[in-house]
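The values are calculated or read from the model by the stated rules, or taken from the named source; none is laboratory data. Keep in mind that what you see is a predicted model, and the values were worked out from it rather than measured. Neighbour counts are summed over all protein chains in view; Cβ atoms, including those assigned to glycine, are modelled from backbone coordinates with ideal geometry.
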C-alpha cells in the first residue's frame, strides 16, 4: 500500500493486451469485443479523466500476445521505463490484461511494483494499490489471479479439443499455409493453390525429376530471383502480385527445396497435429509419433500428381549424389543394382587421349569387399534398356486394345475371376491340400502314424490351406479393384502409352516407367518395370477375355468346390 503518497503526482503507463486465448476462438463475440484494444483504451482513458494527479506518459500495446508469460515486447518496454524512473504508475482494464499466470501476476502486483514505488490500478476490479486494504492485497488479488490462470487452463483445453475436431474433419487450423497454397477467401479453414507459388512448386518437382539435386535447384531459383517462402509470405500481406523479384535478401537453400519435395500437402494430403505444447503455460513443443497425426487424404486440390511425388520420393531415398561441379544426376543414378549382392552399381569413366567411355561396376567390388565386377558399358546399357522399354510399351498397347473390347462386351467381374488361370491353379492346390488333410484320419485309424504325428501334420496342412485361401482372396481382390476403377481408367496404362514413340532414353522416362535395373554377372540385364503387379493382373484379365474364356463366360462353368 502507498498511503504515504496521497498527494504525489503520477506518470502513468496505460497497458493494453489482447491474445487469441481472450478471443476464445471467436465463440463469444461479445467477449471478444469487450476485450478489444480499442475498448480497453477508451475505458482506461475515461478513468484517467477522474484522476487529476495522473499524467499519461505512454500507451503500451501487446496485440496478439499470450498472458501466460511476461516476455512481451510492449510489456518489456514498459518495464524498462519503470526501471529508468520514467513511470511510477501502471493502469490496466483488469488483472487478466496484466497477465494470466497466477504466480507471476501476483508477484508483480504484491512484490515488484511496490518495491519500485509503482502504483497499480485495475479499473474493472476496482483495485488501486494506493488505497487497497490488506484484505484486497491478500485475498482479492490472489483469487482474481487464480481465476485468470484457471481460465487460461480451461480455454487451452477447449482450444485443443476444438482444433482436434477440426483436423479430423479435414479443416486447416494452422496460422500459416505451406508454400504453394493460400487460405480460401470465403473459408479460412480451407486451402487452395496459390497461382504464383504453386507454379514454383511445380518447377521444383519437374527439375528434380529431370535429375537436378536440391542444391542446384536452390541455385537456379536464386538466379531467377524467385522469392523464397519466408519472404513471399511476408510480401503477400502487402498485396504481392508477382512470383519473382530481383535482389531479394532471403535466399533459397537445399534444405528449403528438400522440405518442399517431401511435403505430402502437394498431393492433396493434409498432415496436421505433428507437434503439441507440453502444457498451456510453456511454449515448448514436442514431436508426436506419426500414428497420432491427423492425416486426411484428398482434403484440398493437389499441385503435384501422386506419381511424380512418388518418383521424387524414390530419388530422395536413394544415394544419388552428383559428381563434383555437376548440377544434374546421371541418367541411371539410383536405378542400377548388382544381381548378386543387391548393392548399387557405380559409374566409372575411362579416358584415353581424345576418347572416353563410361561403364558401371558393382559398388561392393569397387570397395574391395567381395562380389565381382558385373561391368557393363553405358552405351550398351542405354540400347538394351531403350529397346526393352519400347517392347514393353508395345505389349501394354496391345493389352490396352484387348481391354478396350470390354466396352462392347457384357463381362462381369465374377466371370473373369471364374476363368482366371492363377485362381484356378490355387483352387486346385487347395483341393489337394484338403484331400491330404482328410487322408490323415485314415492313416491314424490304420496305425500308420501316431497321434502326435497326426496333430503335427494336421497343423501343417491347415496352415497351408489358410495361406492358399488368403492368396486366392488377394488374387480376387486384384481383379475386383480393376473392375471397380474401370478397366480403361488405369493411369499406369496411359503413362506407358503416352511414350509409345520414344526414340531416345532420358531420365524422366526412366523414372516414370522403370522401378530398377538389375545387372547379373552373366551379362543378363533384368528390368523391373513400374506397376508390374498391375500389368500381370491385366494380362491375366486379357487372357480371360480370349475366345475360349469368352465361351466359358457364356457357358455353364462353375467355381470349383474346395470341400470333398
Can you tell me which residue in the range 10-48 is surrounded by the most Cβ atoms within 10 Å (Cβ to Cβ), limited to those that are modelled with pLDDT under 85 and not in a helix (DSSP H, G or I)? 35
Hey, any hits in the range 251-260 for a residue that's closer than 15 Å to residue 213 by Cβ, at pLDDT 80 or above, in contact with a helix residue (DSSP H, G or I) (Cβ under 8 Å, 6 or more places away or on another chain) and assigned to a loop (DSSP other than H, G, I, E, B)? yes
Only one of (1) at pLDDT below 85; (2) surrounded by 16 or more Cβ atoms within 10 Å (Cβ to Cβ); (3) under 26 Å from residue 274 (Cβ atoms); (4) touching a strand residue (DSSP E or B) at 6+ places or on another chain (Cβ under 9 Å) does not apply to residue 212, and that is (3)
Would you pick out the residues in the range 90-126 that are surrounded by fewer than 17 Cβ atoms within 10 Å (Cβ to Cβ), out of contact with any strand residue (DSSP E or B) (no Cβ under 9 Å at 6 or more places or on another chain) and assigned to a helix (DSSP H, G or I)? 103, 107, 111, 112, 115
Restricting to the range 343-370, what's the tally of residues that are out of contact with any strand residue (DSSP E or B) (no Cβ under 7 Å at 6 or more places or on another chain) and in a strand (DSSP E or B)? 3
Being within 10 Å of the chain's Cα centre (by Cα) and not in a loop (DSSP other than H, G, I, E, B) is the filter; apply it to the range 261-270 and report the residue that is nearest to residue 298 (Cα to Cα). 269
Number of the exception - residue 459 against (1) at pLDDT 85 or above; (2) more than 30 Å from residue 344 (Cα to Cα); (3) surrounded by 12 or more Cβ atoms within 10 Å (Cβ to Cβ): (3)
When you check residue 417 against the structure, is it at pLDDT below 80, within 15 Å of residue 468 (Cα to Cα) and either more than 40 Å from the chain's Cα centre (by Cα) or surrounded by 14 or more Cβ atoms within 10 Å (Cβ to Cβ) (or both), yes or no? no
